[in-house]
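Have a look at the structure below before the remarks.
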Amino acid sequence: MPTVMDADRMSRALVRIAHEIVERNRGVGDLALVGIRTRGVPLARRIAANLLTIAAEQIPTGALDITLYRDDLMRHAVGPQPVVRKTEIPFSIDDKKILLVDDVLFTGRTVRAALDALIDFGRPKAIQLIVLVDRGHRELPIRADYVGRNVPTSRDESIQVNLQETDGRDEVVLQRAEAV
């Protein structure tokens with residue numbers, strides 16, 4: 001399993017993204033971060049900490065659960081029940097630029113579900129997408145505004161993001177399908 005990003009590369013990518021956010025938005029005044037559960041949430045918090053260091057301003061940060069918005073919930077008649085987690089957005093998203101954060105962008109279906117869920121909370125001025133890894137293979141017309149790293153993959157490969165907060169270590173690993 002080749003390591004695509006180690007802790008240092010991940011940290012540098014998140015700092016670079018924070019600088020790009022400040023430049024593109026000419027400051028941070030009307031921004032808010034919303035991480036998609038699970039790994040988008042700690043990434044959003046890290047970016048918020050980087051923005052605080054850069055712009056000396058606290059950015060509202062929330063967590064979004066998209067479980068009930070997924071289009072693959074009922075694909076299999078019998079299977080494990082989905083685990084619904086808490087959405088925590090303790091601020092109004094109306095007229096804010098929302099920075100939606102996820103760990104990996106693949107087909108675009110997770111982001112589509114997140115957009116549906118987010119719109120139920122109000123009407124943002126704009127939504128920008130931040131991903132740590134973009135691996136290609138889009139099925140929907142969705143692209144990220146900020147990307148930590150582009151990693152071209154084949155369909156039988158996957159990207160595993162491990163974060164200190166959820167997995168005890170920071171790394172991005174490319175996993176190849178087992179030979180049969």
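The values are calculated or read from the model by the stated rules, or taken from the named source; none is laboratory data. The model shown is predicted, which means the values in this text are computed figures rather than measured ones. Note: ideal-geometry Cβ built from the backbone for every residue, glycine included; neighbour counts use all protein chains shown.
Go through the residues of region 145-154 one by one and say whether even a single one is under 20 Å from Asn25 (Cβ atoms), surrounded by fewer than 15 Cβ atoms within 10 Å (Cβ to Cβ) and modelled with pLDDT of 95 or more.
If we filter region 145-154 for residues that are under 20 Å from Asn25 (Cβ atoms), which is where we start, we get 145-148.
Those still in the list that are surrounded by fewer than 15 Cβ atoms within 10 Å (Cβ to Cβ) too: none.
Taking every residue of region 145-154 in turn, none turns out to be under 20 Å from Asn25 (Cβ atoms), surrounded by fewer than 15 Cβ atoms within 10 Å (Cβ to Cβ) and modelled with pLDDT of 95 or more.
Take the conditions touching a strand residue (DSSP E or B) at 6+ places or on another chain (Cβ under 7 Å) and in a strand (DSSP E or B) and apply them to Ile98. Does it pass? Break it down into steps so the answer makes sense when it comes.
Values: touching a strand residue (DSSP E or B) at 6+ places or on another chain (Cβ under 7 Å): yes; in a strand (DSSP E or B): yes.
So Ile98 passes the test.
Under 23 Å from Asp120 (Cβ atoms) and either in contact with a Cys (Cβ under 7 Å, 6 or more places away or on another chain) or touching a residue at least 12 places away in the same chain (Cβ under 8 Å) (or both): which single residue out of Val22, Val34 fits that description?
Val34
For region 82-109, give me each residue that is of a type in the set (Val, Ile, Thr), in contact with a Lys or Arg (Cβ under 9 Å, 6 or more places away or on another chain) and farther than 20 Å from Val173 by Cα.
Listed by number, the residues that qualify are Thr87, Ile93, Ile98.
Just the residues that are among the acidic types (Asp, Glu) and assigned to a helix (DSSP H, G or I), please, taken from region 1-12. Before the answer, list the steps.
Going through region 1-12, the residues among the acidic types (Asp, Glu) turn out to be 6, 8.
Matches in region 1-12: Asp8 only.
Which residues, taken from region 82-103, are β-branched (Val, Ile, Thr), without any contact (Cβ under 8 Å) to a residue 60 or more places away in the chain and under 14 Å from Thr38 (Cα atoms)?
Kept after step one, since they are β-branched (Val, Ile, Thr), are these residues of region 82-103: 83-84, 87, 89, 93, 98, 101.
From what is left, the residues that are without any contact (Cβ under 8 Å) to a residue 60 or more places away in the chain are 83-84, 87, 89.
Result: Val83, Val84, Thr87.
For (1) in contact with a Leu (Cβ under 9 Å, 6 or more places away or on another chain); (2) surrounded by 14 or more Cβ atoms within 10 Å (Cβ to Cβ); (3) part of a helix (DSSP H, G or I), each residue gets a yes or a no:
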position	(1), (2), (3)
Leu14	yes, yes, yes
Ala18	yes, yes, yes
Ala32	yes, yes, no
Gly35	yes, yes, no
Pro42	yes, yes, yes
Ala48	yes, yes, yes
Leu51	yes, yes, yes
Glu57	yes, no, no
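Would you mention how many residues in region 127-148 are in contact with a Ser or Thr (Cβ under 7 Å, 6 or more places away or on another chain) and basic (Lys, Arg)?
Number satisfying all stated conditions: 2.
For region 107-137, give me each residue that is assigned to a loop (DSSP other than H, G, I, E, B) and out of contact with any strand residue (DSSP E or B) (no Cβ under 8 Å at 6 or more places or on another chain). Break it down into steps so the answer makes sense when it comes.
Step one: list which residues in region 107-137 are assigned to a loop (DSSP other than H, G, I, E, B), which gives 107-108, 120-125, 135-137.
The answer is Thr107, Gly108, Asp120, Phe121, Gly122, Arg123, His137.
Of the conditions (1) modelled with pLDDT of 95 or more; (2) in a loop (DSSP other than H, G, I, E, B); (3) closer than 28 Å to Thr153 by Cα, Asp72 clears all except one; give me its number.
The single condition Asp72 does not satisfy is (1).
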